[in-house]
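One structure below.
No value in this document is a laboratory result; all are computed from the given coordinates. What you see is a predicted model, and the numbers here were worked out from it, not measured in a lab. When we count neighbours, we look across all protein chains shown, and the Cβ atoms used for this are built from the backbone with ideal geometry, even at glycine.
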Protein chains: 4
Amino acid sequence: MIIQLHKNCTAKERNALDYLLVQNKIKTVEINTQSNHYLVCIVTKEFDIRHIGNLACVKDVHRVTDSYKLVSRQWKVNPTKIDLGDGVVIQEGDFTLMAGPCSIESEAQVERIVKELVKNNIKIMRGGVYKPRSSPYSFRGLGIDGLKMLYAQCRAHSIKIITEVMQVTQIREMSDYVDIFQVGARNTQNFNLLDALGEIDKPVMIKRGISGTIDELLQSAEYIFSAGNEKLILCERGIRTFENAYRNTFDINAIPILKEKSHLPVIADPSHGIGIRKHVEKITLASLVAGADGAIVEIHYEPEKAYSDGQQNLSFEEFRSLVKKVNVLVELFLKMES
Amino acid sequence: MIIQLHKNCTAKERNALDYLLVQNKIKTVEINTQSNHYLVCIVTKEFDIRHIGNLACVKDVHRVTDSYKLVSRQWKVNPTKIDLGDGVVIQEGDFTLMAGPCSIESEAQVERIVKELVKNNIKIMRGGVYKPRSSPYSFRGLGIDGLKMLYAQCRAHSIKIITEVMQVTQIREMSDYVDIFQVGARNTQNFNLLDALGEIDKPVMIKRGISGTIDELLQSAEYIFSAGNEKLILCERGIRTFENAYRNTFDINAIPILKEKSHLPVIADPSHGIGIRKHVEKITLASLVAGADGAIVEIHYEPEKAYSDGQQNLSFEEFRSLVKKVNVLVELFLKMES
Amino acid sequence: MIIQLHKNCTAKERNALDYLLVQNKIKTVEINTQSNHYLVCIVTKEFDIRHIGNLACVKDVHRVTDSYKLVSRQWKVNPTKIDLGDGVVIQEGDFTLMAGPCSIESEAQVERIVKELVKNNIKIMRGGVYKPRSSPYSFRGLGIDGLKMLYAQCRAHSIKIITEVMQVTQIREMSDYVDIFQVGARNTQNFNLLDALGEIDKPVMIKRGISGTIDELLQSAEYIFSAGNEKLILCERGIRTFENAYRNTFDINAIPILKEKSHLPVIADPSHGIGIRKHVEKITLASLVAGADGAIVEIHYEPEKAYSDGQQNLSFEEFRSLVKKVNVLVELFLKMES
Amino acid sequence: MIIQLHKNCTAKERNALDYLLVQNKIKTVEINTQSNHYLVCIVTKEFDIRHIGNLACVKDVHRVTDSYKLVSRQWKVNPTKIDLGDGVVIQEGDFTLMAGPCSIESEAQVERIVKELVKNNIKIMRGGVYKPRSSPYSFRGLGIDGLKMLYAQCRAHSIKIITEVMQVTQIREMSDYVDIFQVGARNTQNFNLLDALGEIDKPVMIKRGISGTIDELLQSAEYIFSAGNEKLILCERGIRTFENAYRNTFDINAIPILKEKSHLPVIADPSHGIGIRKHVEKITLASLVAGADGAIVEIHYEPEKAYSDGQQNLSFEEFRSLVKKVNVLVELFLKMES
């Protein structure tokens, strides 16, 4: 059960609620986010929620049978919008394309890619400066200096930034230069990182684990939400299976399932989801018609020379083809749907 | 290496080829299909194929490095068309929808569903009469009598029939009443069945195994082709993974990969691919934009009363919505693509 | 619910039972095996089984809540023994080692391997004459002639034969030369083959499917049993996962789980279960202490020259080491256990 | 290539080496651990390592073709011993049993379990105080106070402690009370945590990821080693598959494979590996004969009342049976092996 409280209820009004809960032996977790005040209640026996709904301090009350609570669509039917300012909004009924290189490599690289984004009217740039790498001997990213450089160029063109954060101590220094923090597939269940991201007021996009279940992804989002941050985005990036003909198995089923189970926006990552350049376009378009609210794709002017993930980076030519087709489907298909 | 021979080459011409092959110690498998005559050659050392290309009996010669040969797109770049007669053709650039119940249950059931197909201009009906069931105590289908009844009603409305064959001894008795034989996921590597289906002149749709690789699916198609039957269709129906939020994981990646690797048409089975009624539409549309040449879906007027797979059967209302959207995407999207 | 009937009950006694079942609307499937007569009942409402237990024709009656019935240990607590004659018995509390080449290749090959088996006191020889191969162009085995040759040599040394049957039409011709029919991993859900093997009076060893669940394996065994053949053996041979450091993932957990859920003997196949020669011994020994009733291993005097599966065939030297250690563990460990 | 340097080589001797490396364009990473000094070299072209082996400052030099280097057995053939002091050593040829509750719950709980360990001559206790939980609303452990309490009781009985560390900031405060830091399956690729654990001088046991490959586990160990800490232990705890008859699929194959590929000791975690109490014993024994150097098991005096993982905790009675059988196999089997 989720109880949403009025922001300015009096102590007396609140006492009435607490009394009722104690009387019914209902345990609660109190949660204050950027904009709301909730009690998440673990209800173990039958209980008539109308008793609570009538109290003065209660704005809303809902049963939630899912194991995750605040991110569940059982409670909040209206889809969550993520407003990044300057008119950039990630939301249901639209399809937000984010693009950029796997790793930020140099000022020249960022310049060329930003220019391409501007040309294609793309408003959010991706680019890793802290790179999780299987081997300790691989390139691990340019770090905070790379991020500042990226920021300088993006701001000049009103482009928002999404980039991966790997550990708690990076959050503060990155915060001024980031519009969306990304939690990578290897950190989906790094619970301390999730807790810490719950304490800031910045959007967070959380990727599904490498073999994570849909339920685990939602539970991880619940960690952040219950620590105080409602600005969440879910990301499907493919799962690990026995198939070796491509990099990961993009789980197209997860798109409608996540949209059904949660009110949070869902973004597809087809670059990791198939991992083969020439097929990224098809998987992106498939995500769109399956109900995703956007996609994040890797691009590079010379994919074969990228520091990382070259085999899955779109060339500029491939990227333009993708943008064109996305626009057609948004225009024709999404408008028909809504 | 695949050598395609002229149908009417003389013994002398053929001898010249055989001599060259023997001289170069190239082992061959000779294959006669409905319409062509091939030699599949296992080449183990460097060899200049132009020596062969110039011979009188040779229509065409190609190197094929894939483990499968005749079904590979390395050899045959033009996509294969499956012509069922009466203008019903499964082919690239179009999207053929096949629909029907999981199991054929009764004359009344078939009548109602056929009527619905006619209304929606669907030309191919699915419906199982031999049902592979995990438990020996489950309903195993109406058998040959059910098929004859299905045939009578479909022919009256010029509707083609696709249905599953489970064993070699069923082929002959089913043959007059079937337009496409379906090989189920549990029989993808039933090699004797594949051999036998290679000896007939009817289209065969072969489903990917329950945890079968893409390569295994193509090798299984190669079995049928190499036994003499070129009229083949590949079907992606979802794979088994750790995820329990739905029935199978529909492998959307397999669609562009199969289209790249093979010249055979690729059909999606979203009903088994996700196994949840309300999401079948989205997965079907995703397959379309990902490049599938069609889809096969389960429908029933009362899904909850179906003998089998009720949870994944579309109601008629859901089906009409699907048909409408497929038509829009075929019109707007596929025409843009081609 | 399983009702075991006395073999010679009178019509009147039987009528009393049928009357009670009809009155209680209990549907039954009647099963006659080599040695017993059962009714498998699908009970959908509460029912006091003592009413049945007291009837004259009823030998025994048990509730079984598993989806499989006759192979369940809920019904039959005592483990099933498979008696092959001449003192060769597969049974709980012992560890039966079966060995031989992947494929039967030649008379000379069989001769050398039989000799090795005799030396090591191995009583059951494996060896494929019908080989399921992913590619139609691979070696498919010597067929019935190979089997007859194998038989001649084995009988001369009182060695029993286990070999794979791939299709219904092979059963009759193979039957005189086979002591245990093996159903391969690709045929675990070839339900027509299972039905047919239920109609003969020869032991059948059924392998778990390539990504088959434990429940599916037991249901497949139920197919054979319910068609009339109680002489069944279960085989764990590894499952397909994402791991590529070896061939299959040997599911050691399946050993105690199968022994708990079923009364049938359980055999390990470590050769396919790990697929790497030097590690086959360790996996075999692990199976023994985990509770397997035996193992089937591939051996060859020149593994690198074997027609198939050379990388997982034990050399004779490795095989002798294995036999020695198995004997030590049987002597010291199994005796301690029992 | 790994170059092991003498600890006290002169600047001149070192210059000679560096000169040779630069001349041959070999990039190096310099690594100082508790006891050794290495250069890990990425060699991209043919190079005769004898040129290096003869230099004064070089103790040893080896080619390593694996993607991981310092943890590879290609370089160091002798198995690594982990000496915890007071005669407690984890090493090849022995089988170290570690046991304790899933979570540390109370002083009384620890007291009863310590007593049981003493009785059974177990020298290492497990017990979580920081618990990674899928849901933010689950019990997350007693934290540092729980650890201090555990420490007080264990030290009184000369019992060593292994417990999970979840984030970098916990390392310092935990360090005085911990003998082995455990990295959990959800943190196997938390690279910042791995880096930080490389900077301390305490043994670390690293668990394989939930669907982590064997190669990834070794690469993660390489992170810690290359950051300066050689005292490493690998742990197989089961992987996620499609099978639902138990919790995880214990990968018995991983035991001999890890022992072959790395010189580090390998510990089995059968409690998580199968997750069903009554089968934990069999999986533990299987690990032993498959070559594991020890096992870590969960025990509780009242498993059904444990705060977490009750279904997989051994009762004291089950634990004693396990200890007895382990001792028999160590005595009879391991001595035969060595």
Placing a label point 7 Å from Cα toward Cβ, how far apart in nm is D:K278 from its equivalents in the other copies, listed shortest first to one decimal? 4.0, 4.0, 5.6
For chain D, with a Gaussian network of springs between Cα atoms less than 10 Å apart, report the residue from D:M205, D:M174, D:M125 with the top mean-square fluctuation. D:M174
Per residue, how much space in cubic angstrom lies within the convex hull of the C-alpha atoms of the protein assembly as shown? 216
Rounded to whole angstrom, the alpha-carbon centroid of the stretch B:1-61 lies from that of the stretch B:66-81 at a distance of 17
If you only keep lysine pairs separated by 8 or more in sequence, or across chains, how many in the stretch B:1-61 come under 16 Å at the Cα atoms? 4
Please check which bits of the stretch B:139-166 a label hung off B:V118 would reach, taking the label as a point 7 Å along Cα-to-C-beta and the cut-off as backbone N under 12 Å. B:153-159
Could you put D:K45, C:K231, B:K27 in order, starting from the residue whose Cβ has the fewest other Cβ atoms within 10 Å? D:K45, B:K27, C:K231
Non-local amide H neighbours of C:I252 (under 5 Å, H modeled in plane, Pro and chain starts lacking H): which ones? D:I252
quick note, the stretch C:82-337, DSSP beta bridge pairs, % antiparallel (nearest 5) is 10
Per the C-alpha gyration tensor (a ≥ b ≥ c, the square roots of its eigenvalues), chain C is rounded if a/c is under 1.5, else prolate if a/b beats b/c, else oblate; here it's prolate
Evaluated over the stretch B:276-338, the Cα radius of gyration and Dmax, each in Å: 12.8, 42
With a Förster radius of 22 Å, plug the Cβ-Cβ distance of C:E331 and D:E317 into 1/(1 + (r/R0)^6) and report the FRET value to the nearest 0.05. 0.25
Look at the axis of the rotation that sends chain D onto chain A, then give the chain D residue with the nearest Cβ and the distance in whole Å. D:S211, 2
Other-copy label distances relative to D:R112, 7 angstrom Cα-Cβ extension, nm: 6.0, 6.3, 6.8
Residues B:S262, D:S315, B:S308 arranged by fewest to most Cβ contacts within 10 Å: D:S315, B:S308, B:S262
The alpha-carbon center of the stretch D:170-203 and that of the stretch B:195-274 are separated, in whole Å, by 47
Could you list which residues have their amide H under 5 Å from that of B:I124, counting only those 5 or more apart in sequence or on another chain, with H placed in the peptide plane? B:A99, B:K160
Put the label 7 Å from Cα along Cα→Cβ for C:M336; what are its distances to the other copies, in nanometres, shortest first? 1.1, 7.1, 7.1
Straight-distance crosslink candidates among aspartates and glutamates, where the alpha carbon sits under 17 Å from D:K115 and sequence neighbours closer than 8 are dropped: D:E105, D:E107, D:E298, D:E302, D:E317, D:E318
Taking every other residue with Cβ under 13 Å from the Cβ of D:R155 and scoring Lys and Arg +1, Asp and Glu -1, one gets 0
The stretch D:2-62: mean projected area of Cα convex hull, nm²: 3.8
If each K or R counts +1 and each D or E counts -1, the residues other than D:P136 whose Cβ falls under 10 Å of its Cβ total +1
Comparing B:V114, B:V88, B:V297 in a Gaussian network model of chain B (Cα, 10 Å), the one with the largest mean-square fluctuation is B:V88
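Going down the list A:K76/A:K231; D:K278/D:K325; C:K160/C:K325; C:K282/D:K278; C:K231/C:K259; B:K119/B:K335, which pairs span over 20 Å between their C-alpha atoms?
Details: A:K76/A:K231 14 Å; D:K278/D:K325 15 Å; C:K160/C:K325 23 Å; C:K282/D:K278 23 Å; C:K231/C:K259 16 Å; B:K119/B:K335 24 Å.
Where the Cα-Cα span goes over 20 Å, the pairs concerned are C:K160/C:K325; C:K282/D:K278; B:K119/B:K335.
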Please build a GNM for chain B, connecting alpha carbons under 10 Å apart, and tell me which residue among B:T188, B:T213, B:T284 fluctuates the most. B:T213
Which FRET efficiency, nearest 0.05, do A:N24 and A:K59 yield, Cβ-Cβ r, R0 22 Å? 0.65
